[in-house]
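Written below as structure tokens is the structure these notes are about.
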Amino acid sequence: MAAMQTRLLEPEFLRQLEQLSLVAKRVFAGRLKGERRSVKRGASVEFADYRNYALGDDPRYIDWNTYARLERLFLKLFMEEEDLHVYVLLDGSRSMTFGTPSKFDYARRVAAALGYIGLCGYDRVGAALLGESMREYLAPLRGRPSVFRFFRFLEEAQADGGTALGAALQEWALRARRTGIAILVSDFLDPQWEAGIKALALRKYQLAVIHVLDRSEVEPDLVGDLKLIDAETGEEREISVSGVLLRDYRRALDHFCGSLQAACRKYGADYLRATTDVPFEDLVLRWLRSRGLVK
């Protein structure tokens, strides 16, 4: 796997990612045996507890040593290991094409890294491209050989069209069959974004929000008379950029980011704001680890 070629991640960085794993902060019921502990009791090798024997139980799991001491039948219970489902949800609207590198290219690399970590850890990893609706969907994959399909999905993804992030997330939440970790990567330039976060919270996903912005969106250096064109709607607006206007803009941006962070706290989601001038490797290896998303 170290020899894998992809336009998204460097081979040396892939080797570093193989040492990491995604962190499930609560237990999810899976479908097949894997490397995650389930709340259900199964028949793995790790002992969990005893319970009283009941008619119909498998007699192979009776603890006869305990019976010899207490003359009562107890059944051994073992911890069952099951898959963790991980979903990478990528904003593919045209606003994500802004910047150099574009927010979309940066977001794709984040998605690729997190998906690779999950697949190397034998989690089930799926993905979706969101815009005015759920535009594309990749059903959950499992195992290292599936990395090629996952990367191809991201490499072929295109950012285009408008944004209806709230509706797209609601659509995806209804389609996904199993809960797990949902990682949403977006610039959140849609007034209905909170409805989408709420939809995921109601479905009991462990949600991580990665808010991607270009540095010039955070600290614009514009001056003079300008014509602004909305990348998604084509709407034009002429403005005169002054110190007062820039101060108002920064105040509005701080309010917007604060509202998003507050909504994440409200719905139990992790929030991380990232600008595309932050080295991508630092974001994954340092910031996501410090927030407890990977270890």
Helix-only CD estimate at 222 nm, as mean residue ellipticity for the chain, using -39500 (n - 2.57) per DSSP H run (n ≥ 4): -9500 deg cm²/dmol
What list of ³J(HN,Hα) couplings, whole Hz, do you get for the range 177-187 from phi and the Karplus terms 6.51, -1.76, 1.60, once you set θ to phi - 60° and write x for glycine and proline? 8, 10, 7, x, 8, 10, 10, 9, 10, 7, 8
Taking the Cα centre of the range 175-295 as origin, sum charge times position over the Cβ atoms of Lys and Arg (+1) and Asp and Glu (-1), and report the length of that vector in debye to the nearest 20. 1260
Expressed in angstrom, Rg and Dmax over the Cα atoms of the chain are 23.3, 90
What number, in percent, do you get for the relative contact order of the range 114-193 if the mean sequence gap of Cα pairs under 8 Å and at least 6 apart is divided by its residue count? 29
Taking the chain as the reference, fit the longest principal axis to its C-alpha atoms, fit the long axis of helix 165-175 to the helix C-alpha atoms, and give the angle between the two in degrees, 0 to 90, nearest 10. 20
Please figure out what share of the DSSP beta bridges in the chain is antiparallel and state it in percent, rounded to the nearest 5. 50
Could you tally up the Lys pairs in the chain with alpha carbons closer than 16 Å? Skip any pair fewer than 8 positions apart unless they're on separate chains. 5
For helix 243-266, what angle does its Cα long axis make with the longest principal axis of the chain, in degrees from 0 to 90 and rounded to 10? 10
Taking the Cα centre of the chain as origin, work out the dipole magnitude from +1 charges on Lys and Arg Cβ and -1 charges on Asp and Glu Cβ, in debye rounded to 20. 1580
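No value in this document is a laboratory result; all are computed from the given coordinates. Not measured: the values here are computed from a predicted model. Note: ideal-geometry Cβ built from the backbone for every residue, glycine included; neighbour counts use all protein chains shown.
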